[in-house]
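For reference, the structure is listed below as structure tokens.
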Amino acid sequence: MKRESIEWLICMLVASAGLVHCLWVVPYIPTMDGPQHVLSAHIDNHYSDPASVYPELYRLLPQYAGKGFALIFGPLEVVLPWRVALRVTHALVGLGFAWGFALVALSVDRHRRAGAMLGFLIALPWSFYMGFFQFVVGTTVGLYTLAFVLRRPPTTTPRRLVVAVLLLVQGVCHVFTAILTGVIVLVLAVVAAPKGQRLREVGRMGLVGMPAAALMGLTLLDRRITFSQQQTFDWALGERIREISRWFVPGPGGRAWLVLALAVVGIGATLSRARRKQATVPEQALAWLALAFLVLTLCAPLHMPGWQCLAPRFTTVAIVLGLALVRLPDVSSPRAARAILAIVTVCCVGSELLSADLHRDLANGCAETLAGLDAPLHFEGLRLPIVIEPTCGLPRDPVEGPVPRASLAQNSPLLYLVDHGGIGTKMFNGTPSIHRIELIGARRPPLPDPRPVTIAQSRFFDSDPKLRATVLTELAADGMPFEGIHVVGGRPDDYAVFNARGYVTELQRSSLFIARFEGCPAELVLAQGSLDREAVHYEYGLFSRAQLSAEPRVLARRIVPRDTPVVDRQIHVPLAGRPCGEIWVRVYWDADASSTFSAGDRTCENAHGQGRLRADVSRDRPTVTCESPVVTAPVPHGTQAP
């Protein structure tokens, strides 16, 4: 091996060590969607364990795409603690990205050894911090596909078969990344073909990409857009300039603009050399492709129906192609070449140290959120996450902060289910093409109305105490059908609201509150004979001083069975859901047999307006007494004296 190659290899290993250091500088790097994928792989690994509760509420799906992360992390999680397995996975993918970029750059020009190291500047893209792990793995596989095509153009049948297999493998990892790579491969093959053969080459490459395209088609047919949180196009063009640099390189804005500028220089210099007939055909094609992906990043919708964060996904391809075209100064002196290589190495390691600082900041910001991972907790049932502050201390403005659009605490409660058991209710699930699991079973309550959480994450929640108390009451009601709740981003005085509503604290750490719901043995007491005439129904909800809607929220509506036993001349009716604290209860004698409260129905004599009783129930005082109405003529509801 030549001395130049050995020196370059040593520098690559130094930069690789720096990359591993910045990934392992903290035990866990918070990411937005990462916990979703960690828990999904954990469920897959432990689905058939003895005494596992997973089969009761999950069903395994075939999942033939979007498997990039699980293929690496899953086997590691079997033999290693999940946090160690995750760190190893991140290191393997990060190193695979950086070395894959080096192969691409050297395939463009084998003399660009120093430029081939620039991949370490972008080895941790925005999609990594967003937790789009499958996308990152798929993009990494695409780098090796691109390097192969640049070095061995697919001009023969065996090479085309290799490219078809590589694209299919990439599609299994993440199908959209395979489509992006397939477009690049198609352009490279067509521009390299003789002019009279280009249409035929399009047909050949169409056959090459057919397996990956078929996989893409299946995922589109299988995708349940109607169940997606994103139902409209969102362009957000006005905000884009404030965040776009950190789409390319998250972290300090100065570093991001420098790396982006370097890529733009690579594109511009290549197109300039092309005008002077000094650039190769593949270089020209890559330059125009990089420019096209930059335009897509600038102009594509931020979100589209069924898919969030579309425009930022073009950044990785654009920056890879741009940096791969960078030509550092050509020098004839070996000493000068070594100096340039050393400078690039120092820049790469310096960038990795900046990333290490970023990871420390992110971990410190999420420290309270993750403080209970090592606590002696054990869950078995369904747990409801209530995320009041999803940003882990980062700016609430989604375009500010080192990682735009990242709500790093949003899915953090799912990590507790990996360490302590329990069932997650808000997970990526149900689409067989891209998801491994599906939530099933009648035990799963419907997901609550998202409005209270949306309000809790707004600035009004902090500034209006009355609104805060109302929203907390609604959130407490949301958690009652579940085994417990996991509150992220609350205040210590907030948790008293949950305790008063029947929650028992399992762990409390400043902004973190984990509790199980026990409730109170609340019961409705009716007089003997109350069930002798019309059917008697009751409905109730939690009382608060203000409401989020025109009518109070009904938590349960039941008919009182006529055969309810009489004890000491009283009928005791347990209230479904075991509520605690201030509640309202409406008991009505269904005069018109409509099963709903309507004009003409009689209500309790001691009811307030609209026929509702108010009571403050607890474990020591669990009863709500209803004085039966006089059986004469029907009494209009809401007219009884309190």
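Restricting to region 121-142, give me the number of residues that are over 18 Å from the mean Cα position of the chain (by Cα) and open to solvent by 10 Å² or more (accessible area, probe 1.4 Å).
If we filter region 121-142 for residues that are over 18 Å from the mean Cα position of the chain (by Cα), which is where we start, we get 121-123, 139-142.
After this cut, where a residue has to be open to solvent by 10 Å² or more (accessible area, probe 1.4 Å) as well, the list is 121, 139-141.
Number of matching residues: 4.
Could you identify the single residue in E352, E368 that is within 23 Å of the chain's Cα centre (by Cα) and either buried (at least 16 other Cβ atoms within 10 Å of the Cβ) or acidic (D, E) (or both)? Spell out the reasoning first.
Numbers: E352 fails: within 23 Å of the chain's Cα centre (by Cα).
Unique residue meeting the criteria: E368.
Residues that are under 24 Å from Q134 (Cβ atoms) and in contact (Cβ under 8 Å) with a residue 24 or more places away in the chain: which helices (runs of 4 or more DSSP H) entirely in region 383-487 hold 3 or more of them? Please lay out each step first, then the result.
Details: elements: 413-420, 451-456, 459-463, 465-479.
Fully inside region 383-487 and qualifying: 413-420.
If I ask for residues that are part of a loop (DSSP other than H, G, I, E, B) and more than 28 Å from the chain's Cα centre (by Cα), which ones from region 271-318 would you list? Walk me through it before giving the result.
Here is the first cut: in region 271-318, the residues part of a loop (DSSP other than H, G, I, E, B) are 276-280, 300-302, 305-306, 308-310.
Answer for region 271-318, where residues must be part of a loop (DSSP other than H, G, I, E, B) and more than 28 Å from the chain's Cα centre (by Cα): R276, K277, Q278, A279, T280.
Determine whether P402 is modelled with pLDDT of 95 or more and of a type outside the set (A, V, I, L, M, F, W, C). Step through it out loud before you land on a result.
On the way: modelled with pLDDT of 95 or more: yes; of a type outside the set (A, V, I, L, M, F, W, C): yes.
Taking the combined requirement at face value, the residue satisfies it.
Going by the structure shown, is R255 of a type in the set (K, R), part of a helix (DSSP H, G or I), at negative phi and surrounded by fewer than 16 Cβ atoms within 10 Å (Cβ to Cβ)? Reasoning before the result, please.
On the way: of a type in the set (K, R): yes; part of a helix (DSSP H, G or I): yes; at negative phi: yes; surrounded by fewer than 16 Cβ atoms within 10 Å (Cβ to Cβ): no.
Taking the combined requirement at face value, the residue does not satisfy it.
Could you list, in sequence order, the residues of region 512-553 that are part of a loop (DSSP other than H, G, I, E, B), surrounded by 14 or more Cβ atoms within 10 Å (Cβ to Cβ) and over 42 Å from the mean Cα position of the chain (by Cα)?
S530, L531, E534, A535
Exactly one of (1) touching a helix residue (DSSP H, G or I) at 6+ places or on another chain (Cβ under 7 Å); (2) more than 29 Å from L218 (Cβ to Cβ) is unmet by T145. Its number?
(2)
Quick check on this structure: which one of G401, G441 is over 30 Å from V172 (Cβ atoms) and either surrounded by fewer than 21 Cβ atoms within 10 Å (Cβ to Cβ) or more than 16 Å from the chain's Cα centre (by Cα) (or both)?
Only one candidate passes the filter, namely G401.
Please find, within region 303-341, the residue that is nearest to F132 (Cα to Cα) out of those that are free of Cβ contacts under 8 Å to residues at least 24 places away in the same chain and of a type in the set (A, V, I, L, M).
In this case the residue turns out to be L310.
Have a look at V172, V187 and point out the one that is in a helix (DSSP H, G or I), farther than 22 Å from A318 by Cβ, among the β-branched types (V, I, T) and in contact (Cβ under 8 Å) with a residue 24 or more places away in the chain.
Only one candidate passes the filter, namely V172.
Scan region 82-105 residue by residue and report those that are free of Cβ contacts under 8 Å to residues at least 40 places away in the same chain and farther than 29 Å from A311 by Cβ.
Answer for region 82-105, where residues must be free of Cβ contacts under 8 Å to residues at least 40 places away in the same chain and farther than 29 Å from A311 by Cβ: V84, A85, V88.
Of the conditions (1) more than 23 Å from T425 (Cβ to Cβ); (2) not in a helix (DSSP H, G or I), A375 clears all except one; give me its number.
(1)
Please go through (1) in contact with a His (Cβ under 6 Å, 6 or more places away or on another chain); (2) farther than 18 Å from V249 by Cβ for F135 and return the number of the only condition it doesn't satisfy.
The failed condition is (2).
Considering only residues that are of a type in the set (G, A, S) and over 21 Å from the mean Cα position of the chain (by Cα), which ones fall in region 29-86? Outline the logic, then answer.
At the first step, the residues of region 29-86 found to be of a type in the set (G, A, S) are 34, 40-41, 48, 51-52, 65-66, 68, 70, 74, 85.
Correct list: S48, A51, S52.
Give me the pairs, please: first residue somewhere in region 41-65 and at positive phi, second residue anywhere and open to solvent by 40 Å² or more (accessible area, probe 1.4 Å) and assigned to a loop (DSSP other than H, G, I, E, B), beta-carbon distance under 6 Å, and either six or more positions apart or on two chains.
The qualifying pairs are Q63/R436.
Taking into account only those residues within region 208-246 that are among the hydroxyl-bearing types (S, T, Y) and either crowded, with 18+ Cβ neighbours inside 10 Å or out of contact with any strand residue (DSSP E or B) (no Cβ under 8 Å at 6 or more places or on another chain) (or both), which is modelled with the lowest pLDDT? Lay out the reasoning, then the answer.
Of all residues in region 208-246, those among the hydroxyl-bearing types (S, T, Y) come to 219, 226, 228, 232, 245.
Next cut, either crowded, with 18+ Cβ neighbours inside 10 Å or out of contact with any strand residue (DSSP E or B) (no Cβ under 8 Å at 6 or more places or on another chain) (or both) only: 219, 226, 245.
Values: T219: 87, T226: 48, S245: 95.
Taking the candidates together, the pick is T226.
Give me the residue from region 536-567 that is touching an Asp or Glu at 6+ places or on another chain (Cβ under 9 Å) and free of Cβ contacts under 8 Å to residues at least 60 places away in the same chain and, out of that set, nearest to P465 (Cα to Cα).
V554
Return a yes/no flag: does region 15-30 have any residue that is aromatic (F, W, Y) and either open to solvent by 70 Å² or more (accessible area, probe 1.4 Å) or closer than 30 Å to P211 by Cα (or both). Lay out the reasoning, then the answer.
If we filter region 15-30 for residues that are aromatic (F, W, Y), which is where we start, we get 24, 28.
Still in the running and either open to solvent by 70 Å² or more (accessible area, probe 1.4 Å) or closer than 30 Å to P211 by Cα (or both): 24.
Within region 15-30, one or more residues are aromatic (F, W, Y) and either open to solvent by 70 Å² or more (accessible area, probe 1.4 Å) or closer than 30 Å to P211 by Cα (or both).
From L186, L167, which residue is farther than 30 Å from V14 by Cα, open to solvent by less than 30 Å² (accessible area, probe 1.4 Å) and modelled with pLDDT of 95 or more? Walk me through it before giving the result.
Working: L186 fails: open to solvent by less than 30 Å² (accessible area, probe 1.4 Å).
L167 is the lone residue from the list that is farther than 30 Å from V14 by Cα, open to solvent by less than 30 Å² (accessible area, probe 1.4 Å) and modelled with pLDDT of 95 or more.
Within region 65-116, take every residue that is surrounded by fewer than 21 Cβ atoms within 10 Å (Cβ to Cβ) and among the small types (G, A, S) and give me the one that is nearest to S412 (Cα to Cα).
Checking each candidate, the answer is G74.
Is it the case that region 331-341 has a residue that's touching a Ser or Thr at 6+ places or on another chain (Cβ under 6 Å) and in a loop (DSSP other than H, G, I, E, B)?
Just the residues of region 331-341 that are touching a Ser or Thr at 6+ places or on another chain (Cβ under 6 Å), to begin with: none.
The answer is no; no qualifying residue exists.
Testing V497 on (1) without any contact (Cβ under 8 Å) to a residue 60 or more places away in the chain; (2) open to solvent by 50 Å² or more (accessible area, probe 1.4 Å), one condition comes back false. Which one is that?
(2)
Find all pairs meeting these conditions: Cβ atoms under 7 angstrom apart; at least six residues apart or on different chains; first residue within region 342-364 and polar (S, T, N, Q); second residue in a helix (DSSP H, G or I) and open to solvent by 20 Å² or more (accessible area, probe 1.4 Å).
Final answer for the pair search is T345/C11; T345/V14; S351/L121; S351/R255.
How many residues does region 318-332 contain that are open to solvent by 20 Å² or more (accessible area, probe 1.4 Å) and at pLDDT 90 or above?
2
The values are calculated or read from the model by the stated rules, or taken from the named source; none is laboratory data. The model shown is predicted, which means the values in this text are computed figures rather than measured ones. All Cβ positions, glycine included, derive from the backbone under ideal geometry; neighbour counts span all protein chains shown. Side chains are part of the model used for accessible areas, which takes the heavy atoms of the whole protein and leaves out ligands, DNA and RNA. Shrake-Rupley method; radii C 1.70, N 1.55, O 1.52, S 1.80 Å.
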